[in-house]
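K.L.:
Take this structure first; my questions come after.
The values are calculated or read from the model by the stated rules, or taken from the named source; none is laboratory data. The structure presented is a predicted model; accordingly, all values stated were derived computationally and were not measured. Here the Cβ positions follow ideal geometry from the backbone for every residue, glycine too, while neighbour counts run over all protein chains shown.
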Amino acid sequence: MNYLDKEMQNVWQKDKDHHIHPWTDFSSFNETGAMILSGGDKAHVTDGAGKRYLDGIGGLWCVNIGYGRQEIAQAMADQVMKIPYYSAFGHHTTQPAAELSAKLAELAPGDLNHVFYGCGGSVANDTAVRMVHFYFNQLGKPSKKKIISRIDGYHGSTYMAMSITGVKFDHIGFDIEEELVHHISCPNPYRRPVEQSLEDFCDEKIQELEDKILELGPDNVAMFFAEPIMGAGGVIVPPPGYHKRTLDVCHKYDILYISDEVVTAFGRLGHMFASEDEFGIIPDIITCAKGLTSGYIPLGATIISDRIYDVINKPQAEGALFTHGYTYSGHPVSCAVALKNIEILERENICDHVKEMGGYFEEQLHTLSDLSIVGDVRGKKFMICIENVANKETKELIDNKAKVGNRIADYCEDKGLLVRPLAHMNILSPPLILTKENIDFLVSTLRNAIESTISDLKEEGFL
């Protein structure tokens, strides 16, 4: 860290000595420490040494309106001076919590009119589980407890949310709940057999869901978790019709469908919510976070239908309460930020911008397909994954020891671009305000990084 001045070197050392980072590779962290991010403006961030980067990650899928929004800072300050916090337990509320709940009910599809708040996506999904279990208990169906989700689906890292998560790499060394949670295979069209049509592949996945329900017993299955596009599992876009058909199967067996829109909501695909507008479904529950506040402050929400609310809003016994919630449920400062964030998204027509520039983003990234290791470029709008392979015909992966995703990310970082490495893949989820010039820089930088990586891999015998 010799490039840092004395103050930043001190910060770097404190962080390395005392800050436990999420998803840390301790094999390298104890030596390299962390990059210090000290500033941000629009779609760029600045490190502790003053170097500027185009943020191709959007913080972590979430800085949708970009950095440095004075309106957000003012909304925070104004609310702090009015009332910074009050418990939402029982019969108390604040104006931002009430206003945001009404706004989310207006934006959400169908009759999803009731909102419960937590502090992030993991908690939103944990809340969904508890609510669904409570719902079926109230209906006199206490055996309906089991959860079905998908391999490579990501739903968070609290104990239950990580159990629902199907990314097996994330389970290494940790315990998960294996009695309640059951996984079906990932609907990844790129990895289907060469001879199998997209339609047959979709049929197979739908049948697998129904078979799993029948195996577990419909009276035992309570809910199905699905991201509209699977994010951290590799930006997997299921085949056409998949979502509608999985919803139909769930409702056939009185199973609630939970659409995890922690990543896809608030503009990333060009809609406030993607479930209906992009994929034509109205789920029973939507969970969201990230873009809800554009990452400016923690907030998550679990949005439920009238059907569910009309059951859970009745006492289960005389004097009984709905005993679920958090100290910071409906935090007024977080809710005020979310309201201002949504106001900006609407006022600046950011969803329309995403539809226009997101199309250009997709188109330009697909030009990388001519590179020898780029096997698949997939995703929608500002949510894209590049999957790198050793052989395009067989789709054979490059040896894990090559750390191809990290190599590409490192080359990009050197040239002023941040992209996310994920094993042999690189993921792009930038702020939604990218300009054509930003996109051109991103794609050309990524091309150069992949070309440099190909050269290294050949020289080292990985290709």
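K.L.:
Just one of SER157, SER143, SER149 is of a type in the set (Gly, Ala, Ser) and within 15 Å of ALA226 (Cα to Cα); which is it? Show your work before the answer.
P.N.:
Details: SER157 fails: within 15 Å of ALA226 (Cα to Cα); SER143 fails: within 15 Å of ALA226 (Cα to Cα).
Going through SER157, SER143, SER149 in turn, the sole match is SER149.
K.L.:
Next question. Which residue out of ILE398, ILE386, ILE433 is more than 25 Å from GLY267 (Cβ to Cβ) and modelled with pLDDT of 95 or more? Give the derivation first.
P.N.:
Values: ILE386 fails: more than 25 Å from GLY267 (Cβ to Cβ); ILE433 fails: more than 25 Å from GLY267 (Cβ to Cβ).
Within the list ILE398, ILE386, ILE433, the selection yields ILE398.
K.L.:
Counting only residues that are touching a Pro at 6+ places or on another chain (Cβ under 8 Å) and farther than 14 Å from PHE225 by Cα, how many does the stretch 162-187 have? Explain how you work it out, then say what you get.
P.N.:
First pass over the stretch 162-187, keeping only residues touching a Pro at 6+ places or on another chain (Cβ under 8 Å): 187.
Retained after the next criterion (residues that are farther than 14 Å from PHE225 by Cα): none.
Here the count works out to 0.
K.L.:
Can you pull out the residues in the stretch 1-54 that are free of Cβ contacts under 8 Å to residues at least 60 places away in the same chain, within 16 Å of GLY68 (Cα to Cα), buried (at least 17 other Cβ atoms within 10 Å of the Cβ) and hydrophobic (A, V, I, L, M, F, W, C)?
P.N.:
Hits for the stretch 1-54: nothing passes.
K.L.:
Further question: Report, ordered by the first and then the second residue, all pairs with beta carbons closer than 7 Å, sequence separation of six or more or different chains, a first member in the stretch 447-463 that is under 14 Å from ASN406 (Cα atoms), and a second member that is surrounded by fewer than 18 Cβ atoms within 10 Å (Cβ to Cβ) and modelled with pLDDT under 95.
P.N.:
Cβ pairs passing all conditions: none.
K.L.:
Give me the strands (runs of 3 or more DSSP E) completely within the stretch 227-337, filtered to those with at least 1 residues that are among the charged types (D, E, K, R) and surrounded by 18 or more Cβ atoms within 10 Å (Cβ to Cβ), ordered by residue number. Working first, answer last.
P.N.:
Working: elements: 256-260, 285-288, 300-305.
Output list reads 256-260.
K.L.:
All but one of (1) closer than 30 Å to HIS155 by Cα; (2) assigned to a loop (DSSP other than H, G, I, E, B); (3) hydrophobic (A, V, I, L, M, F, W, C) hold for ILE72; state the number of the condition that does not hold.
P.N.:
(2)
K.L.:
Just to be sure before I move on: is VAL354 among the aliphatic types (A, V, I, L, M), outside any loop (DSSP other than H, G, I, E, B) and free of Cβ contacts under 8 Å to residues at least 24 places away in the same chain in the structure I sent? So that I can check it myself, show each step before the final result.
P.N.:
On the way: among the aliphatic types (A, V, I, L, M): yes; outside any loop (DSSP other than H, G, I, E, B): yes; free of Cβ contacts under 8 Å to residues at least 24 places away in the same chain: no.
So VAL354 does not fit the description; no.
K.L.:
A further question follows. I'm told PHE279 meets every condition in (1) farther than 22 Å from LEU422 by Cβ; (2) hydrophobic (A, V, I, L, M, F, W, C); (3) out of contact with any His (no Cβ under 6 Å at 6 or more places or on another chain) except one. Can you identify the failing condition by its number?
P.N.:
(3)
K.L.:
Being at negative phi and in a helix (DSSP H, G or I), is that true of even one residue in the stretch 377-393?
P.N.:
Looking through the stretch 377-393, none of the residues is at negative phi and in a helix (DSSP H, G or I).
K.L.:
Another question about this same structure. Of the residues VAL443, VAL389, VAL404, which is out of contact with any helix residue (DSSP H, G or I) (no Cβ under 8 Å at 6 or more places or on another chain) and of a type in the set (A, V, I, L, M, F, W, C)?
P.N.:
Numbers: VAL443 fails: out of contact with any helix residue (DSSP H, G or I) (no Cβ under 8 Å at 6 or more places or on another chain); VAL404 fails: out of contact with any helix residue (DSSP H, G or I) (no Cβ under 8 Å at 6 or more places or on another chain).
Going through VAL443, VAL389, VAL404 in turn, just one is out of contact with any helix residue (DSSP H, G or I) (no Cβ under 8 Å at 6 or more places or on another chain) and of a type in the set (A, V, I, L, M, F, W, C): VAL389.
K.L.:
Of the residues ASP203, ASP211, only one is surrounded by 15 or more Cβ atoms within 10 Å (Cβ to Cβ), in a helix (DSSP H, G or I) and either β-branched (Val, Ile, Thr) or free of Cβ contacts under 8 Å to residues at least 24 places away in the same chain (or both); which?
P.N.:
Numbers: ASP211 fails: surrounded by 15 or more Cβ atoms within 10 Å (Cβ to Cβ).
That would be ASP203, the only listed residue that is surrounded by 15 or more Cβ atoms within 10 Å (Cβ to Cβ), in a helix (DSSP H, G or I) and either β-branched (Val, Ile, Thr) or free of Cβ contacts under 8 Å to residues at least 24 places away in the same chain (or both).
K.L.:
Across the stretch 392-414, which residue is surrounded by the most Cβ atoms within 10 Å (Cβ to Cβ) among those that are closer than 28 Å to VAL45 by Cβ and of a type in the set (Val, Ile, Thr)?
P.N.:
Here the residue is VAL404.
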